[in-house]
Every structure is written in structure tokens, then in C-alpha cells.
Amino acid sequence: MAKLTIPAEEWMYPGHAACPGCGAALSMRLLLKGLGPRTIASIPACCWTVIATPYPTTALGVNVMDNPIEATGASISGLRAAADALGMKDVTVVGFAGDGGTVDIGLQALSGMLERRTDAIYVMYDNEAYMNTGVQRSGATPEGAWTTTTPVFKQTHGKTEPKKDIMAIVLAHMPAYAATLNPSFPEDFVGKVEKAKTIHGARFFHVYAPCPPGWRYSSEQTIHMGRLATDSGVFPLYEVEDGRYRITRNVARLRPVEEYLKAQGRFDALDAAEVATIQERVQAGWERLKERARAAAPPAPTPPPMAVAAP
Amino acid sequence: MPQKVISGNQAQSYAALLADVQVISAYPITPQTTIVEKLADFVASGELKAQFIKVESEHSALQVCVSASALGARTYTATSSQGLLLMHELMHWASGLRAPIVMGVVNRAVAPPWNIGADHTDTIAQRDTGWVQFYAESNQEVLDTVLQAFRLAEDPAVRLPVMVNEDAFYLSHTYEPVDIPEHAQVERFLPARDARAVLIPGKAMRVGSFTGPDHYVEFRYELAKATAAVLPTLRNVEEDYERITGRSHGGPIATYRAEGADAVLLTMGTASTTARRVVDELRAEGKKVGLAKLRLFRPFPVAECRAVARSVGRLGVVDRSYTFGTGGPAAEEVRAALYDAPDRPSVTSFLAGVGGRDITPKMVRRMFRTLLEGPPTETVWQDLEVETEVTVHG
């Protein structure tokens with residue numbers, strides 16, 4: 001019989017206000033399973049402001065504090081400082097921010113929090129655009145994606161610039177721990193969260209959070225979308241601890257990126273040449289990651305626990 | 001009670017030390033910086049057991065205080081000018097979340113052009129953010145008011161953030177003898193922060209949240225009620241402080257020889273000291289003049305303002321900032337406060353000391369002369385190099 005590694009306890013309750021198939025809602029549910037009830041979360045203006053439900057209700061069984069969109073890094077710094085000053089040793093302070101609130105307007109506060117080695121976890125759930133305001137492009141929107149501010153016309157095929165590499169930015173700050181998470185791989189997700197909980201210092205998660213209305217796919221396809229993203233190399237799963245890279249889902253042969261792009265309406269306008277360019281970039285990124293993981297690997301070959309071949 | 005010769009900025013630091021603040025967060029800006037330098041020394045030496053979060057911007061500084069306050073910590077920050085303007089968004093968060101933060105502000109001019117002199121534009125621009133605002137005249141008053149600010153801010157009827165403002169350089173970098181209370185005295189006056197209305201880890205709680213019109217109005221109303229509780233609470237706070245330290249700074253408006261005067265000047269901050277000397281000189285010359293020092297600008301002490309105005313022939317209001325489109329901000333407040341008063345004097349608005357220009361005794365004499373001899377006027381810019389402009393009412 002399979003051993004269940006994901007805690008059964010729920011800290012996110014039914015009745016939340018997320019859209020059906022929301023990757024950000026799944027991510028919060030899994031995150032809190034890993035962190036437990038003595039979590040103090042700070043949430044900026046983002047989809048989760050609404051998902052958590054309006055006053056006087058709350059969809060979360062933990063402490064939640066709202067903060068303005070650009071200030072999550074500072075808010076968790078303040079919560080940590082107060083917890084330390086008041087002698088609360090067993091609490092986990094976590095920021096849960098969207099991609100716009102992190103890679104764009106919140107980058108300064110995140111950088112400050114990381115540089116100060118703040119003993120807190122910063123989670124960026126990445127739905128790759130300003131979804132709460134109705135799908136406007138962010139620095140995390142991928143090249144070629146339609147958004148309401150990168151519209152598709154004869155001469156324009158969505159966003160013209162590549163996605164900002166938040167993991168590279170975060171890793172330049174030498175955090176204690178950083179990893180990517182994908183709710184389509186819940187054991188990997190919760191395992192990394194539980195690990196991060198035991199580490200002190202600044203920790204960061206880049207979470208893949210598919211958005212059915214914003215990405216233009218049917219809501220029952222979210223888990224499928226996440227699997228395609230990781231197994232095509234668009235969103236590899238890995239962790240970086242003290243600068244050492246480890247791929248947590250090794251994919252023997254990547255699936256074509258085209259499968260991933262074709263599954264979402266936001267990439268409809270891309271032509272074959274553009275798809276080929278994206279495929280090249282994804283392949284290069286995957287090779288770079290494998291190279292880093294090889295460089296960091298210990299001398300004795302110890303296969304990562306989550307290693308599986310692509311179906 | 002030890003006496004030390006310290007700057008206004010150090011008076012802020014000593015007050016924060018005596019208040020046993022638990023979380024400090026700040027970003028450097030002239031002329032505030034020496035406040036937090038001193039606090040950094042206190043924390044590094046172990047004299048003050050506090051977390052000092054050295055952030056990357058003033059916006060983050062105030063966010064750190066807001067979040068730390070939400071978990072129950074006593075918090076302090078300090079800033080000036082551009083830094084305060086950058087905090088503006090968080091100013092609303094602090095009052096809206098009912099975070100009893102105390103902030104020292106060294107009043108400094110706002111760019112452009114760059115200017116680090118004394119000017120109240122920075123704090124006046126925050127008057128609608130729901131913060132309590134004090135303006136101090138001396139380093140002693142800075143120290144005493146910061147301690148009073150913590151008691152006021154944390155009072156269960158109030159629970160609002162409070163700023164204690166001091167004029168750049170006239171106080172911030174000027175050294176005066178200051179009586180520093182003993183820690184035990186302050187402990188009697190300011191007990192540890194009331195732990196109610198804060199996050200409790202392990203519980204399903206949310207501070208902030210979002211609402212539609214169904215609850216938002218009530219949140220605003222609660223904020224208005226808390227603001228209305230400031231003046232009665234301040235009376236108790238000042239009485240307790242006087243009982244313990246023997247010092248009082250005279251309530252929200254402190255008057256000097258104002259009762260029955262033909263002309264009274266209302267001042268904020270350090271202009272009061274100069275004006276008080278001129279009052280004595282003019283009184284010696286047989287002129288019936290007086291002074292009203294406005295200590296509390298937000299909430300505006302309407303009843304106290306009317307009480308001062310009742311026996312006064314003419315009132316002049318000295319502003320160290322200008323509200324474009326209306327005029328001197330304190331003058332506007334005074335006019336609004338007196339509109340429904342039965343016996344109201346005429347109110348003349350004087351713009352003086354903007355951008356760090358000295359408010360001299362000569363200038364104060366001229367203002368009194370305008371009050372005693374001239375027609376009621378809307379706004380008089382003092383000491384203007386370009387031209388002397390007098391706009392006449394009606």
C-alpha cells in the first residue's frame with residue numbers, strides 16, 4: 001500500500017472564493033498542509049485577497065494579515081521581528097504574493113528581506129499576469145502570451161519580451177533555501193515545504209499557479225497543465241540549498257513545448273517559428289539547470305528521491 | 001532625574017529607549033538620521049532589547065512597524081520629508097489597522113528644489129491619514145511628547161498611530177538641557193502594551209481583510225470614534241505624566257498671555273519660542289498681545305481653539321507650509337473651527353519660515369503690527385524676496 005506523505009489536516013477551508021481550477025488555491029492548500037497551524041501569513045493585494053473571502057469570514061485556519069501590493073517582503077520582516085521580540089519561537093512567518101506583486105512592484109521589498117537574511121518564507125505564486133485585475137501582463141508573463149495589455153493583432157503576437165527570471169534574482173541574494181513548486185506534484189510540493197520549515201533564514205518558493213480564465217483553458221485541465229509545464233521543461237522542479245542545485249523531478253526526455261503551448265488559448269497566435277524559438281529557449285534553460293545540478297552533485301551518485309521518467 | 005544636554009533627535013531616541021520599544025525600523029534621511037543612529041547604539045550595546053530592522057526604504061520601514069504592531073509589539077520609526085511622503089500609503093494602513101505606532105518626524109522641506117530646512121509641508125500632507133499629530137517646541141517637549149504618544153496611541157479607546165514632529169535643525173540638531181525621567185518612572189506611566197486586538201498564532205484570524213460598502217462604512221466610523229477619543233484621553237495622559245514627572249506642556253493648545261489680548265498669534269513648533277519673547281517685549285511696550293501654541297494638529301482641538309479665540313481681538317495664524325489653492329493649513333483649520341463660534345475674531349494667515357528660513361523676532365513684530373493695525377487679510381507671505389504680496393479679503 002502506498003504511504004501517504006501529505007498531511008490529512010486541512011488549513012484551507014471549503015467556501016473559498018477562487019475560480020474553479022485555480023492553481024493559486026491548490027498551492028495555498030498544499031503550502032499550509034506543509035506549514036501547519038502556527039503559520040502567520042502576510043498577503044498583498046492579489047487574487048488571494050479575494051480568495052480568502054471578505055470580512056467577517058476567512059477561508060484560512062491560520063493568522064492572515066493583509067499588506068499593500070509592494071510590501072510583502074517588509075511585512076514578513078515585521079512579523080518575524082515581532083515574533084522574535086515577543087518570544088514566539090514556534091511560528092512560521094510566510095508571505096504569499098502573486099507574480100506582479102513580486103517580480104514587479106514588490107521586488108525591492110523582497111530584495112531587502114532576502115538581503116537581511118530574514119527568517120521567513122516568501123512564496124510567489126506565479127499565474128504569469130495580473131490576474132486579479134483582469135489579465136494584464138506582468139514581468140512574469142512569458143514571451144508570446146496574450147494578455148489584455150499585450151493584445152493579439154496582425155502585427156503583434158502577445159508579449160514580446162521573455163519572462164523575468166525570478167529564481168536567478170532570488171539566488172543572487174544567496175538565500176538559505178529556494179525551490180520551485182508545482183501543485184500537480186503534491187508530494188514534491190509538500191515535501192519541500194516541510195523541509196523549508198525546518199531551515200532558518202530567508203527561504204523562497206516559486207510556485208507554478210495555472211489560471212484557467214487568464215490562460216484560456218478549461219478549468220478541469222489545471223493538473224494536466226502543471227504536468228505538461230514540468231515535463232516539457234517550461235517549469236522544472238528543483239531546489240537550491242546553500243547554492244547547491246538539485247533537480248527534484250528528472251525528466252529523461254522532455255515533451256515538446258508545443259504540447260504545452262497548444263493546450264492554452266493565450267498562445268493561439270504563435271506561428272511555427274515562434275514556437276521553435278520558445279522550444280530552443282526552454283531546452284537551453286533545462287540544459288543549464290542540469291549542468292548546475294551536476295556541478296552541485298555530491299561525488300557518490302545518490303539519485304534524488306522524486307526521480308521519475310516522463311510518461 | 002538626570003539632566004543631559006541632548007539634541008531634539010536624541011530626545012526622540014531616549015524616549016524610545018525609555019518606552020522599551022520592541023521593534024524599530026527605519027531608513028536614513030537627513031535630518032532624521034541621528035535619531036536612529038542613537039537607537040542603533042542602544043540596541044547594539046544591549047541597553048535596549050529591541051529588534052532593529054534596517055530596511056531598504058521608508059515604505060518598508062513603516063510596513064515593518066505595521067506588521068510588527070499587528071502581532072502586538074511596541075514599535076517606533078522616524079523619518080523626514082521625502083521619506084514621509086514615500087510612507088503615505090502605509091500611513092493609511094497604520095491607522096486603518098489601528099496600529100499604535102509612534103513615529104518621530106523631523107519636519108523638512110519637500111523637493112524640488114532640494115532643501116533640508118524646517119518646513120511643515122511633509123507632515124501637513126499626511127493630515128488626512130488618520131494619524132495623531134503633535135508639534136514640539138523644545139527638546140524637552142519632544143522627549144515628553146514621545147512618551148505621552150505611546151500611552152495615547154495604545155489606549156484602548158484610541159489605538160491609533162501618533163507622530164511627534166520637530167523642526168529640522170532648530171530642534172533636531174540643537175542641543176539643550178533635557179530632564180530624562182528614570183526608567184521606573186516611565187514604567188509607572190507607560191505599562192507594557194495591552195495585548196488585546198492583535199494576531200494570536202494558531203487561530204483563524206485576519207487583520208485587514210476586504211469588504212464592500214456593507215462593512216466599510218462601519219470601519220471608517222470606528223476610526224472616527226477613535227479619533228474623537230484622542231482629546232479626552234490626552235487630558236488623562238498629560239495629568240498622569242505631570243503627576244509622575246512634574247511637567248506639563250499645556251494641553252493641545254498652550255496659551256501665553258493670550259487672555260483678553262488685542263492680538264494673538266497661533267504658532268506651531270519652534271516659532272513659538274521666538275513669538276513668546278516678542279510677546280514679552282510688546283507687553284513691556286504696553287501692547288496687549290499674546291501667544292497660542294498649537295501642540296496637537298490632528299485631531300484639531302476645535303473646542304480649545306474656540307476657548308482661546310473667545311476673548312481675543314484679532315487672531316493671526318503662523319504656518320510653516322502652504323496648502324496650494326487654500327492657504328495656510330493651520331489658518332484654514334482655525335477658520336473652520338471658529339465659523340460656528342458666537343464670538344469669533346478675524347483670522348489672518350501668515351506664511352513664515354518656509355524651507356528653513358528663520359522666523360525672526362523682527363518678523364514676529366511685523367506680524368503683530370499687521371494684526372493690530374492692518375485690515376483683516378487672507379494670506380501674508382512673510383519676508384518674500386520677490387515681492388511683498390498682500391491679498392485682501394473681499
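Numerical summary
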read-out	value
Simple label model, 7 Å out from Cα along Cβ direction - A:Ala284 to A:Glu194, nm	3.9 nm
Segment A:63-84-segment A:202-253 distance, computed between alpha-carbon centres (Å)	26 Å
Packing-based exposure ordering (other Cβ within 10 Å, fewest first) of B:Phe52, A:Phe267	B:Phe52, A:Phe267
Within segment A:85-191, trypsin sites (Lys or Arg not before Pro) in DSSP loop having at most 14 other beta-carbon neighbours inside 10 Å	A:Lys89, A:Arg117, A:Lys154
Filter on A:Lys33/B:Lys54; A:Lys33/A:Lys192; A:Lys164/B:Lys54 - keep pairs with C-alpha separation over 21 Å	A:Lys33/B:Lys54; A:Lys164/B:Lys54
Cα-based reach from B:Lys203 at 18 Å (exclusive), listing aspartates and glutamates while leaving out same-chain residues under 8 positions away	A:Glu9, A:Glu10, A:Asp66, A:Asp90
Counted charge near A:Thr53, where neighbours are those whose Cβ lies closer than 13 Å (Asp, Glu -1; Lys, Arg +1)	0
Using distinct alpha-carbon pairs, which all enter the 1/r mean, Kirkwood radius of chain B in Å	21.4 Å
Cα centroid of segment B:2-19 to Cα centroid of segment B:341-367, whole Å	30 Å
Cross-link partners of A:Lys163 among lysines (Cα-Cα below 22 Å; sequence separation of 8 or more within a chain)	A:Lys262, A:Lys290
Fraction of beta bridges assigned by DSSP in segment A:23-296 that are antiparallel (%, nearest 5)	30 percent
Most mobile listed residue (B:Ala149, B:Ala11, B:Ala125) in chain B, GNM with C-alpha springs under 10 Å	B:Ala125
Percentage relative contact order, segment A:23-296, counting C-alpha pairs under 8 Å, at least six apart	17 percent
Tail beyond 16 Å, pair distance distribution of segment A:216-257 (Cα, percent)	45 percent
Candidates B:Arg369, B:Arg335, B:Arg344, ranked by Gaussian network fluctuation over chain B, Cα under 10 Å, top entry	B:Arg369
Chain A: DSSP helices with Cα axial extent of at least 15 Å and average Kyte-Doolittle hydropathy no lower than 1.0	A:23-35
Per-q log10 I(q)/I(0), the protein assembly as shown, q = 0.09, 0.11, 0.12 Å⁻¹ (Debye; single scatterer per alpha-carbon; no solvent)	-0.82, -1.06, -1.18
Label-point gap, in nm, between B:Thr273 and B:Glu285 - each point 7 angstrom along Cα→Cβ	2.3 nm
Least to most buried among A:Met88, B:Met268 (fewest other Cβ within 10 Å first)	A:Met88, B:Met268
B:Glu378-B:Ala228 pseudo-label distance in nm [points 7 Å out on the Cα-to-Cβ vector]	3.4 nm
Of every Cα-Cα pair in segment B:198-311, the percent that sits beyond 19 Å	63 percent
Sorted largest first, extent of segment A:2-91 alpha carbons per principal axis (Å)	41, 32, 23
Theoretical gain in end-to-end length, A:Arg216 to A:Lys3 [0.36 nm per residue, Cα-Cα removed]	73.1 nm
Chain B, helix-only ellipticity at 222 nm - DSSP H runs n ≥ 4, -39,500 (n - 2.57), divided by all residues, nearest 500	-12000 deg cm²/dmol
Extension gain from B:Ala184 to B:Glu242, taking 0.36 nm per residue of separation minus the Cα-Cα distance	19.4 nm
Per-selection Kirkwood Rh - segment A:23-296 (Cα, Å, 1 d.p.)	18.8 Å
Counting DSSP beta bridges with both ends in segment A:3-109, the antiparallel % (nearest 5)	10 percent
10 Å binning of all Cα-Cα separations within segment A:148-209, expressed as whole percents from 0 upward	18, 35, 25, 17, 6, 0
Nearby lysines by direct alpha-carbon distance to B:Lys293 (threshold 22 angstrom, same-chain neighbours under 8 apart not counted)	B:Lys362
Prolate/oblate/rounded label for segment B:253-392 (Cα gyration tensor, a/c 1.5)	rounded
Most mobile listed residue (B:Pro361, B:Pro161, B:Pro113) in chain B, GNM with C-alpha springs under 10 Å	B:Pro113
A:Ala295-A:Lys89 FRET efficiency (beta carbon distance; Förster radius 35 Å; 0.05 resolution)	0.45
For segment B:278-303 versus segment A:111-151, the gap between their alpha-carbon centres in whole angstrom	55 Å
Extension gain, B:Ala195 back to B:Gln3 (0.36 nm per residue minus Cα-Cα distance, nm)	65.8 nm
Those residues of segment B:70-108 whose amide nitrogen sits under 20 Å from the label point placed on B:Glu37, 7 Å along Cα→Cβ	B:77-84, B:104-108
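The numbers here are math on the coordinates, done by the rules we state, and not lab data. Note that this is a predicted model, so its numbers are computed, not measured. Every residue, glycine among them, receives a Cβ derived from its backbone with ideal geometry; neighbour counts consider all protein chains shown.
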